[in-house]
Amino acid sequence: MATLKEFEEALREQGMRQALAILAKLRERDRKTRAVAPARRVVGRKMTVELARRILALHESTKMTQQEIAFELGVNQGRVNEVIKRGKWLEDDPAAPEAVARDRALARVRQERPKTKGAAAPRRKAAPQLSLF
């Protein structure tokens, strides 16, 4: 089975411009009528031993994907993978490598925040949008 991108490349190679135009219209229609918004990065939930155990329980008792588990529990998929594949966060040890890394990252974020009230953090320029057509 070919991916949509492979299918599109095959249409280009064959010079099927009408089919490519129809595909572009279908994509545009789907963007406008999409019922579910695209996924957004989930931030803010602290990883705990209890949360890690819930991840393992969901993984073992359901057929949910890592992404579905992450969405359900409010963490990102990378954390779910770390718990399932590497057994991270299963011990309540503040000296564990993942806990030390988390604490360092939090300290770095606190230091980088603006000190004055009302001052906004500098914004990054948005990356240019690329078009397939």
Along Cα→Cβ, 7 Å out, is where each label goes; now give me the distance between the ones at A107 and L73 in nm to one decimal.
2.7 nm
What distance in nm separates the two pseudo spin-label positions at E60 and R29, each 7 Å out from Cα along the beta-carbon direction?
4.7 nm
Calculate the spin-label point distance for T48 paired with F7, positioning each point 7 Å from the Cα along the beta-carbon direction, and give it in nanometres.
4.5 nm
Just want the answer: with Cβ charges of +1 for Lys and Arg and -1 for Asp and Glu, which residue in A107, L56, N81 is farthest toward the dipole's positive end in the stretch 49-110?
A107
Over 28 Å between alpha carbons, listed pairs K5/K32; K5/K46; K5/K85:
K5/K46; K5/K85
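Bear in mind that the values in this text are calculations on the coordinates, not laboratory data. Fair warning: this is a prediction, and the values are worked out from it, not measured in the lab. So basically every Cβ, Gly included, is an ideal-geometry build from the backbone, and we count neighbours across all protein chains shown.
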